[in-house]
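Q: One structure coming up, written as structure tokens, with questions to follow.
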Amino acid sequence: MWGIPKPILLQGHERSITQIKYNREGDLLFTVAKDPIVNVWYSVNGERLGTYNGHTGAVWCVDADWDTRHVLTGSADNSCRLWDCETGKQLALVKTSSAVRTCGFDFGGNIIMFSTDKQMGYQCFVSFFDLRDPSQIENNEPYMKIPCSDSKITSAVWGPLGEFIIAGHESGELNQFSAKSGEQLSNIKEHTKQINDIQTSRDMTMFITASKDNTAKLFDCTTLEHLKTFRTERPVNSAALSPIFDHVVLGGGQEAMDVTTTSTRIGKFEARFFHLAFEEEFGRVKGHFGPINSVAFHPDGKSYSSGGEDGYVRIHYFDPQYFEFEFEA
């Protein structure tokens, strides 16, 4: 398919990749894994710019703010940490009672939200801190904390203009929580199993979910209207929307225990490309030696990256044929 040029291989983790994230400009790629290392790379050549050191457990999530001043990470070491992007200095540490599963900055970069796991007798919470009020972090007193007793949150993102967050659950449910009042604005269930990943479109009008039920689905950010479904034969761990084409990339694969040894040797785990409107697959890119855990499009749409269970991150630049490719329905 489109003879993608040799990918750039990023080797900076000792364990499975959990999330990869470009900053808004796309010059930097942040990667986190089941090791305590937080890496940042130049996306253009795969050179490692540096690390953010401090976590003592697996890091589940990472985000960068709008102007790439701050980086946010959440970890199984029961902490959410704020870093100075440029210097790598830890600016804030929020201790939690259980692992931090998801985290994100609102569009202004002033408010952070993160969700914690339901574990060891603690229920799942979503916490909101306003960074303009330093006492909130210092006293570990979020301005709002929403309990989620029913089903643990497995993925969450900010909606447009920072008015609400969209949360995906272990049960397959999706809901919106107001970032002002904390009330649940809407709730739907289109997936039958856990939602592994949620990513918004560049303009924040839509989002795509990736689920253990072997599908990815497209929704309207504001109304939560279900628009499209992309079906595969394996659990989908991550899905991303192209910023320039009506294309979707999905990453997934069997869980480690379902994988036979022969299949993993050949690097046959594929990123799969679907057409957004027609819901049809039109290409695959091989490469990882295990399931793909996170995918992301570069903000200019000319490349995408994938992070795998094999601990590698691969940056793939599309060749000219990809841009000339016309989908034939």
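The values are calculated or read from the model by the stated rules, or taken from the named source; none is laboratory data. Since the structure is predicted, the reported quantities are computational estimates derived from the model, not experimental observations. Reconstructed Cβ throughout: ideal geometry from the backbone, glycine too, with neighbour counts over all protein chains shown. Side chains are part of the model used for accessible areas, which takes the heavy atoms of the whole protein and leaves out ligands, DNA and RNA. Shrake-Rupley method; radii C 1.70, N 1.55, O 1.52, S 1.80 Å.
Q: Need the failing condition index for R69 against (1) open to solvent by 50 Å² or more (accessible area, probe 1.4 Å); (2) over 17 Å from the mean Cα position of the chain (by Cα); (3) closer than 17 Å to P299 by Cα, just the number.
A: Among (1) open to solvent by 50 Å² or more (accessible area, probe 1.4 Å); (2) over 17 Å from the mean Cα position of the chain (by Cα); (3) closer than 17 Å to P299 by Cα, the lone unmet condition for R69 is (3).
Q: In segment 228-245, how many are crowded, with 17+ Cβ neighbours inside 10 Å, hydrophobic (A, V, I, L, M, F, W, C) and more than 8 Å from A216 (Cβ to Cβ)?
A: 3
Q: Follow-up question, since we're still on this one. Can you name every residue in segment 149-193 that is out of contact with any Ser or Thr (no Cβ under 9 Å at 6 or more places or on another chain) and surrounded by fewer than 22 Cβ atoms within 10 Å (Cβ to Cβ)?
A: Those that are out of contact with any Ser or Thr (no Cβ under 9 Å at 6 or more places or on another chain) and surrounded by fewer than 22 Cβ atoms within 10 Å (Cβ to Cβ): S149, L161, G162, S178, A179, K180, S181, G182, E183, N187, I188.
Q: Another question about this same structure. Any residue in segment 281-301 that is free of Cβ contacts under 8 Å to residues at least 60 places away in the same chain sitting within a Cβ distance under 6 Å of a residue that is of a type in the set (A, V, I, L, M) and open to solvent by 30 Å² or more (accessible area, probe 1.4 Å)? List the pairs, counting only those 6 or more apart or interchain.
A: Close Cβ pairs satisfying both conditions: G301/I244.
Q: Regarding T68, is this residue hydroxyl-bearing (S, T, Y) and in a strand (DSSP E or B)?
A: Against the criterion (hydroxyl-bearing (S, T, Y) and in a strand (DSSP E or B)), T68 does not qualify.
Q: Test each condition in (1) among the hydroxyl-bearing types (S, T, Y); (2) under 24 Å from F107 (Cα atoms); (3) surrounded by fewer than 21 Cβ atoms within 10 Å (Cβ to Cβ) for Y52 and report the one that comes out false.
A: Of the numbered conditions (1) among the hydroxyl-bearing types (S, T, Y); (2) under 24 Å from F107 (Cα atoms); (3) surrounded by fewer than 21 Cβ atoms within 10 Å (Cβ to Cβ), the odd one out for Y52 is (3).
Q: State which residue pairs qualify: first residue over 15 Å from I153 (Cβ atoms) and inside segment 87-101, second residue in a strand (DSSP E or B) and charged (D, E, K, R) in any location, beta carbons under 9 Å apart, and separation of 6 or more residues or different chains.
A: As it stands, the answer is Q90/R81; Q90/D84; L91/R81; L91/D84; A92/R81; L93/R81; V94/R81, since those pairs meet every condition given.
Q: Let me ask you something else. Condition (residue is within 27 Å of G290 (Cα to Cα), open to solvent by 70 Å² or more (accessible area, probe 1.4 Å) and of a type outside the set (K, R)) applied to segment 203-212: is it met by at least one residue?
A: Scanning segment 203-212, I find no residue that is within 27 Å of G290 (Cα to Cα), open to solvent by 70 Å² or more (accessible area, probe 1.4 Å) and of a type outside the set (K, R), so the answer is no.
Q: A follow-up question, please. Name, by its number, the condition in (1) modelled with pLDDT of 95 or more; (2) surrounded by fewer than 19 Cβ atoms within 10 Å (Cβ to Cβ) that does not hold for V38.
A: Unmet for V38, out of (1) modelled with pLDDT of 95 or more; (2) surrounded by fewer than 19 Cβ atoms within 10 Å (Cβ to Cβ): (2).
Q: Separate question: Look at E138 and say whether it is exposed (fewer than 14 other Cβ atoms within 10 Å of the Cβ), without any contact (Cβ under 8 Å) to a residue 24 or more places away in the chain and touching a Phe, Trp or Tyr at 6+ places or on another chain (Cβ under 9 Å).
A: No; evaluated as a whole, the condition is false for this residue.
Q: Go through the residues of segment 110-130 one by one and say whether even a single one is at pLDDT 95 or above, in contact with a strand residue (DSSP E or B) (Cβ under 9 Å, 6 or more places away or on another chain) and of a type in the set (D, E).
A: yes
Q: Turning to a different aspect of this structure: Considering only residues that are open to solvent by less than 10 Å² (accessible area, probe 1.4 Å) and in a loop (DSSP other than H, G, I, E, B), which ones fall in segment 86-118?
A: Scanning segment 86-118 gives S98, A99, G109, D117.
Q: Next up: Hey, can you tell me all the residues within segment 174-194 that are assigned to a strand (DSSP E or B) and in contact with an Asp or Glu (Cβ under 8 Å, 6 or more places away or on another chain)?
A: L174, F177, S178, N187, I188, K189
Q: Looking at segment 72-85, which of its residues are in contact with a strand residue (DSSP E or B) (Cβ under 6 Å, 6 or more places away or on another chain), touching a residue at least 40 places away in the same chain (Cβ under 8 Å) and open to solvent by 20 Å² or more (accessible area, probe 1.4 Å)?
A: Listed by number, the list is empty, since nothing qualifies.
Q: Mind checking which residues of segment 246-270 are open to solvent by less than 60 Å² (accessible area, probe 1.4 Å) and at pLDDT 95 or above?
A: H247, V248, V249, L250, G251
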